[in-house]
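All remarks here apply to the structure that follows.
Computed from the coordinates by the stated procedures, all read-outs in this text should not be read as laboratory data. Source: prediction; values computed, not measured. All Cβ positions, glycine included, derive from the backbone under ideal geometry; neighbour counts span all protein chains shown.
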Amino acid sequence: MTQSPTTQNRKELFLRACRGEPVARVPVWIMRQAGRFLPEYRAVREKHAFLEVCKTPELAVEVSLQPFRALGVDAVIVFSDILIPAEAMGLPLELGDAGPVLPEPVRDAAGVRALREFDPEQATRFVNEAIAQLCRELGPNVPVIGFAAAPWTLACYMVEGRGKDGFPAAKKLMYEDPQLFRTLLEKIARATARYLKAQIAAGAAAVQLFDTWVGELSRRDYDEFELPATQLLISELGAGTTPVILYTKASNHLLPSAARAGAQVLSVDWRVDLAEARKQLGRVSLQGNVDPCVLLGPEEGIRQAVREAIEKTGGAGHILNLGHGILPATPVEAARTFVRAGQEHLLPARAPAGRAG
């Protein structure tokens, strides 16, 4: 019996979209899909601290699977946190509902030198074990996504010590000692590459780099500092078959440069016009980019936003997602509507995206 487009091999569908190949429909998942908007996640968190969930593979697997069961998403992203590698590199980490804190931030050359290399099979083995368990639970037809922070975003937290508007301490270090800051970014890039290689070895079908705070950079500073570090990270992963997704927020001014980082997929926020991005960026596949606040509105508004996003890319080379993480106040039924609307939007047969010429 032929599978319907909504129940076909999700992994094949996802990987074809990453490569810009024709698909019957777009694959759909949601950033932060394992999180506070789900009552079953809140039930787990009533009993276990955030870091405990991250570092206990059985708990990480359970919360990773919750949105797959509740929403029917096409991909499962492992439950973890972007600051796990910072802790593995030697920085004490405190994580709670108030946000992450690194109480011993990196502010000088001694701090950068003190950052250690780490073996992901030892220091962060719990992430790999969670991915391997997810792959066993889900079988060969559902993709598991691994992830990490991009160098600039991780550096922001490592230098600032916490989230802060503009990340002035990080920029101060970058401007006062550019070479030291490049050294920090390179150190992060190489460590992150090893971290993601281990996730891929554990079974991750794709990995996503979160450059959430890259919009704080000018195009010149991005080209001078973050682009070379991200290119190094992706090149260190090697030219294998595992796609890399690069998420950038508030980055309209950076997209032509971000497209040169080496990722197969660019994930963009709701400020980016997907049709313009398709014209401007050509071959790269796109992920996104519905405003998370749309899911707080009526059902028809959600369906319309989904239709518009897919129509702007033509569907090929497009992974439907939000432009940032789902909000904790989002009704579960609204998230389900978003997923179903994408899965039910069938595409006409067509040539691959951006392959003309």
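For the reader, a short list of remarks on this structure follows.
- Among the trypsin sites (Lys or Arg not before Pro) within segment 231-278, those in coil by DSSP and having at most 14 neighbouring Cβ atoms inside 10 Å are Arg260, Arg271.
- DSSP beta bridges confined to the chain are antiparallel in about 10 percent of cases.
- Dipole magnitude (debye, nearest 20) for segment 47-190, charges at Cβ of Lys, Arg, Asp, Glu: 260
- With all pairs of separate Cα atoms included, segment 212-346 yields a Kirkwood hydrodynamic radius of 15.6 Å.
- Set the Cα radius of gyration of segment 1-139 against 2.2 N^0.38 Å, with N its number of residues, and you get 1.26.
- Amide H partners (placed H, <5 Å) of Gln208, local residues excluded: Gly146, Phe147, Ala148, Ile245
- Dipole magnitude for the chain: about 820 debye, using +1 per Lys or Arg Cβ and -1 per Asp or Glu Cβ, origin at the Cα centre.
- Averaging 1/r across all pairs of distinct Cα atoms in segment 70-162 and inverting the result yields a Kirkwood radius of 14.9 Å.
- Restriction of the trypsin sites (Lys or Arg not before Pro) in segment 292-351 to DSSP coil positions whose beta-carbon has at most 14 other beta-carbons within 10 angstrom yields Arg350.
- Size descriptor, Kirkwood hydrodynamic radius, that averages inverse alpha-carbon separations across segment 149-266, Å: 14.2
- Euclidean distance of C-alpha centroids, segment 208-235 and segment 279-341, integer Å: 25
- Angle between the chain longest axis and helix 178-202 axis [Cα atoms, degrees, rounded to 10]: 50
- Expressed as a whole percent, the proportion of Cα-Cα pairs in the chain lying more than 36 Å apart is 16%.
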